[in-house]
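What follows is a short report on a single structure.
Read-outs: derived from the displayed coordinates by stated rules, not from any lab. Keep in mind it's a predicted model, so treat the numbers as computed, not measured. Note: ideal-geometry Cβ built from the backbone for every residue, glycine included; neighbour counts use all protein chains shown.
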Amino acid sequence: MSLELLLRRMRRRWRGRAGALTCFVGAVRGRSEEGRRVRHLHYEAAEEEALSSLRRIAEEAEKEEGILEVSLHHVVGDLRPGEEALYVVIASRHRKEAFSLLPRLLNRIKREVPIWKKEVYGRGGRW
């Protein structure tokens, strides 16, 4: 899955009806919060539950006033610094609805979706 593909699909579905297509891309940083060099991040998921949770979060968000569609995609496996881990694409009537929704979506994804991240360093790592 790519951001370009998600955007292309949304553009096609909502052309002429959406006033905004808002995107968020979560990428892997090269340094940990403590300043350690990160070789890669390893993401694991309870896949069926994760997909179900992402779908539920998107469907609930789509019930909000002005939100037309929400697409969520999280990568699992190993990702190096600079690679993309999360895509959020929101089609909305106006930008304000999407900008208001985005931080709430990100918080729900972190809190509710069974995806775990391990930072891998030169020596060792941390979940």
Only helical DSSP H runs with n ≥ 4 go in: add -39500 (n - 2.57) per run for the chain, normalise by residue count and round the 222 nm mean residue ellipticity to 500 deg cm²/dmol. -11500 deg cm²/dmol
Testing the spin-label approximation: label points 7 Å from Cα along Cα→Cβ at Phe24 and Arg111. State their distance in nm. 1.3
Rounded to the nearest 10, the angle in degrees between the Cα long axis of helix 47-61 and the longest principal axis of the Cα atoms of the chain comes to 40
Can you give me the long-range amide H partners of Ala85? Hydrogens built in the peptide plane at 1.01 Å from N, cutoff under 5 Å, separation of 5 or more residues or another chain. Gly26, Ala27, Val28
Rounded to the nearest 0.05, what FRET efficiency is calculated for Val76 and Glu34 with R0 set to 25 Å and r the Cβ-Cβ distance? 0.55
Along region 91-98, what does the Karplus equation 6.51 cos²θ - 1.76 cosθ + 1.60 (θ = phi - 60°) give for ³J(HN,Hα), rounded to whole Hz, x for Gly and Pro? 9, 9, 5, 9, 5, 4, 5, 5
Counting only residues 5 or more places away or on other chains, whose amide H sits under 5 Å from the amide H of Asp78 once H atoms are built in the peptide plane? Tyr43
Highest-first arrangement of 117-123, 50-56, where packing means the average Cβ count within 10 Å: 50-56, 117-123
Toy charge model, Lys and Arg Cβ at +1, Asp and Glu Cβ at -1: the chain dipole around Cα centroid in debye, rounded to 20, equals 480
